[in-house]
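S.K.: First, the structure itself, so that you have it in front of you.
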Amino acid sequence: MATISGGQEWLKKAPLTLLFCADLHRSEKFLTVTDPKVYQNKELFTVAVVDAALATQKAFIAVQTLGLDGVIIGGVRNEMDQLADLFHLPERVMPLFVLCLGYPAEQLPVKPCLPQSFVVGTNTYPDLTKTITKK
C-alpha cells in the first residue's frame, strides 16, 4: 500500500491503518431503483465521497481521545485501481483515504488556526483581503 501511495513513510511505520472508501456497490446490491443510470449520478457520488470523508475524520477524532494520533493519506487515490485489486474491492467502491494510527513518540504542539474572520462570514463570504500576522 505504501508503494501504491507514492512511498508514504506513514504507511510503512503505522501499527494500524484504516482504509476508507466511497461505496456505491452496497446501494446497487440492496436498493431497488427504477433508473439504471442512477449510479452515474453526480449527487450520489458526492454523497458517497462526503460520507467517507466524514467517517475518516470522525474515526481520527475518536482515536485521538484514546491518546493515539495519526495522519490521513490521500495519496491512495493516485492508483485507485491497484488499491482496489489489492483489497479485492468490488466495482463502484473507491478507496479515498487511509488513516494511519499509532501512539505519538512526543506530543506535538497545536498548529495555529486561521483567524475566525477568515473562516466565518456573517451573511456573506469572509473578507480575505485582510492580512494575517504571523506569531
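The values are calculated or read from the model by the stated rules, or taken from the named source; none is laboratory data. Because the structure is predicted, anything quoted here is derived from the model rather than measured. Ideal geometry is used to build each Cβ from the backbone, glycine not excepted, and the neighbour counts take in all protein chains shown. We work out accessible area using only protein heavy atoms, side chains counted, and drop any ligands, DNA or RNA first. Shrake-Rupley method; radii C 1.70, N 1.55, O 1.52, S 1.80 Å.
S.K.: Please compute the per residue accessible area over the chain with all protein chains in place, 1.4 Å probe, rounded to a whole number of Å².
M.R.: On a per-residue basis, 76 Å².
S.K.: So what are the three principal axis dimensions of the chain from its Cα atoms, in whole Å, longest to shortest?
M.R.: For the chain, the Cα spread along each principal axis is 55, 44, 28 Å.
S.K.: Sum -39500 (n - 2.57) across every DSSP H segment of at least 4 residues in the chain, then divide by the residue count to get the 222 nm mean residue ellipticity, nearest 500.
M.R.: -9500 deg cm²/dmol
S.K.: Note down the nm distance, to one decimal, between modelled labels 7 Å out along Cα→Cβ at N123 and at K29.
M.R.: It is 5.1 nm.
S.K.: What is the calculated FRET efficiency for Q40 to E106, with r their C-beta to C-beta distance and R₀ = 35 Å, to the nearest 0.05?
M.R.: Step by step, r from the Cβ atoms, then E = 0.15.
S.K.: Related question: Specify the angular offset, from 0 to 90 degrees and rounded to the nearest 10, of the alpha carbon long axis of helix 42-64 from the longest principal axis of the alpha carbons in the chain.
M.R.: 50 degrees
S.K.: Just order 7-19, 68-80, 110-122 by mean Cβ neighbour count inside 10 Å, highest at the front, would you?
M.R.: Highest mean packing first, the order is 68-80, 7-19, 110-122.
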